[in-house]
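Please treat every number below as a calculation from the coordinates, not as lab data. Values in this document were obtained by computation on a predicted structure and should not be read as measured data. With ideal geometry, Cβ positions are generated from the backbone for all residues, glycine too; neighbour counts draw on all protein chains shown.
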Amino acid sequence: MSLPTRNNEYSFKDFLEWRKNVDYYADDTFIQKVVKCFTGDEWQKIDDAAREISPRVSFRWSRMSESIAWPEKRPYMMHYDGHNNRIDRIVRPHDTELMEKEIFAEALFSEETSPWEKLIKMYLIYQNGEACTACPVTCTEGAVEIIQKYANTPEVKNILQHLKEGKDGSFAIGAQYLSEIQGGSDVPANVLEAVNEDGAWKLYGTKFFCSATHADYAMVTAKPQGSEKVALFVVPSWLPGNKEKEIRNGYTIDRIKWKMGTSELTTAELTFNGAVAYPVGPLDRGVANVVGVVLTFSRLTVGLSAAAYITRAVREALRYASFREAFGMKIKEFPLLAYQLRDMEKGAQRTTAGAFKLYRDFLNLPGGLKGGLIENEPEEIKRKRFAIRELIMLQKITASWDCTDIIRTALSVFGGHGVMEDFSVLPRLYRDAAVNELWEGPRNVLLTQMHRDFQKASRWYKPAEFVQDVLLGADNEKVEKFSKEMIELLAHPNLFVLNEQTLDVCERWDKFCHNFYHAYQDIALAEVENSSQT
């Protein structure tokens, strides 16, 4: 019975008290099982590392992430100082700078930090959303991975040391500036010019989407003067001694973009006018190294951050459904909502299990990453390298798509409160997830790329064999079904001729890739569940 009263004493206190005290790792038995399943002999060490960092992520950094998300705290540009000197200072909240410093002090990319420790820490950190940390972390990772393959000068070796191990207790932050106004994914169409002036490379031109603009170093693609080939360079934001003076290294930050998500992170338009740059790798291998190494790590991060975002959103939706009552019963007891909750929880678990399984497969890749396929490799290794490359793209498009879907459903559990920015983290996670769908290749671009990749590789890696290798452990009927459909779809010449037949193949290819990667995730989830029973 509900009688009228002027003093409605309804309170969210119990739900908020739980949310304030939840420990992302210690209170999540599923991720503990995932760690034990996939990290092998290291699992106890990784479990200890996760338990050690989790309180900082769950309480201190979580509060900081919420604090800096308010619109009035978004970063802004100060182009000139009071004496009319061009400084291009990016003004950010103190909490942003402090949290970033503390996260990078974890030495995620140091020789002392194992890949699995890095991964579980990144997974926990990403549960707080982008928060001006996810992009800088993964861009730094990509920079470290590619630079250490080619660090052959004192300048580049010093940059690598600063990124990996830090200097005087301070760890450098990396960025990657690839996109130009004519198109982001079409890296070969870059026109930023690199000129060798008296033995030093200088960059001239513009870049249009430059995230983590506050970084110390950036990986930048450019074409050497007179060449159609794209090269890769590392560019310091400041030359030695100039950071304190706020004198940028031969470039200006023209404006900060106004984005729908990842708003705590600056994305800017830059003009280079003689920026000193250091080549990373052969001047004619820039595209191969960017796609084969730098973007690979970024795409892995999209999958991992999707798992983290979904985990946070579903955890809070499940708890709210246990707290909230309507029509005299807990809302989790309504069958349609109970179905949605179960479906969301499975989505969170299989996305997480799939991300960790793929990372294990990635770590087991002989010889690590290469910039493009290596012609003289043994066929077995060549196949594994190809499979991992395609799985990383499949994860990128599938996990990022599922992420927005699942968070949107989680929002609905909260009803009207779901879209209130000051009520929960979910609206921010949703906006950040939407950006992740586009970052490092929109869905249509990667679907087209994979169709072409599989066709080219079919001479030495039959589609049916790829399906069997990737879905090892699935039932034969499912493997046969996927194999048959993949062969049919790859029989279509290409996805570049606009006609009804191609449109039909495109629709089927899109659904096939999504369902195929779900099958891979389901195998990963079954592996976790089976391992916990032994």
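The stretch 244-273 and the stretch 484-517 have Cα centres spaced 40 Å apart. The distance from the alpha carbon centre of the stretch 1-76 to that of the stretch 374-424 is 22 Å, rounded to a whole number.
Evaluating 6.51 cos²θ - 1.76 cosθ + 1.60 at θ = phi - 60° for every residue in the stretch 398-405, the Karplus couplings come out as 7, 5, 5, 5, 4, 4, 5, 4 Hz, glycine and proline recorded as x. Residue order for Y24, Y150, Y309, fewest other beta carbons within 10 angstrom first, comes to Y150, Y24, Y309. Amide H contacts under 5 Å for W201: A277, restricted to partners 5 or more places along the chain or on a different chain, H placed in the peptide plane at 1.01 Å from N.
Please report K396, K13, K118 as a ranked list, fewest other C-beta atoms within 10 angstrom at the top and most at the bottom. Working shown, then result.
Numbers: K396 27, K13 9, K118 19.
The fewest-first ordering by Cβ neighbours comes to K13, K118, K396.
The phi-based Karplus calculation (6.51 cos²θ - 1.76 cosθ + 1.60; θ = phi - 60°) puts the 3J(HN,Hα) values of the stretch 313-327 at 5, 5, 4, 6, 5, 4, 5, 5, 5, 7, 8, 6, 10, 8, 6 Hz, whole numbers, x for Gly and Pro.
In a simple Cβ point-charge model (Lys, Arg +1; Asp, Glu -1; nothing else charged), the chain has a dipole of about 400 debye relative to its Cα centre.
If you add up the charges near K229, with Lys and Arg at +1 and Asp and Glu at -1, over every other residue whose beta carbon is less than 15 angstrom from its beta carbon, what do you get? Walk me through the intermediate numbers first.
Values: positive: K223, R285; negative: D186, E193, E228, D284.
Computed value for this residue: -2.
Amide H contacts of E180 (H built 1.01 Å from N, in plane; Pro and chain starts excluded): F208 sit under 5 Å, all sequence-distant by 5 or more or on other chains. Among T140, T113, T5, the order by Cβ neighbours within 10 angstrom, fewest to most, reads T5, T113, T140. What separates the Cα centres of the stretch 170-191 and the stretch 137-153 is a distance of 15 Å. Annotation: amide H of Y24 within the under-5 Å range of S58, sequence separation 5 or more or interchain, hydrogens built in the peptide plane. Would the stretch 190-264 count as rounded, prolate or oblate if I go by the C-alpha gyration tensor, calling it rounded below 1.5 in a/c and otherwise prolate when a/b exceeds b/c, oblate otherwise? In terms of gyration-tensor shape, oblate. Note on E421 and L336: their simple-model spin labels are 3.0 nm apart, each label 7 Å out from Cα toward Cβ.
Listed by chain and number, the aspartates and glutamates whose alpha-carbon sits under 16 Å from that of K357, ignoring those within fewer than 8 places in the same chain, are D41, E42, E117, E390, D469, D522, E527, E529.
Take every pair of alpha-carbon atoms less than 8 Å apart whose residues are at least six positions apart; their mean separation over the length of the chain yields a relative contact order of 13 percent. Here the Karplus relation 6.51 cos²θ - 1.76 cosθ + 1.60, evaluated at θ = phi - 60°, turns the backbone of the stretch 111-119 into coupling constants of 4, 7, 9, 6, x, 6, 5, 4, 5 Hz, with x for every Gly and Pro.
For the stretch 174-286, the Cβ-based charge dipole about the Cα centre amounts to some 140 debye (Lys, Arg positive; Asp, Glu negative; other atoms uncharged). Here is how the number arises for the chain: DSSP H runs of 4 or more residues each give -39500 (n - 2.57), the sum is divided by the residue count, and the result at 222 nm is -16500 deg cm²/dmol. Shown here: semi-axes √(5λ) of the Cα gyration tensor in Å, derived from the displayed model; of the candidates [x] 43, 29, 23; [y] 39, 25, 22; [z] 37, 32, 22, it corresponds to [z].
Placing unit charges on the Cβ atoms of the charged side chains and taking the dipole of the chain about its Cα centre, the candidate lying farthest along the positive direction among V35, P240, Q468 is P240.
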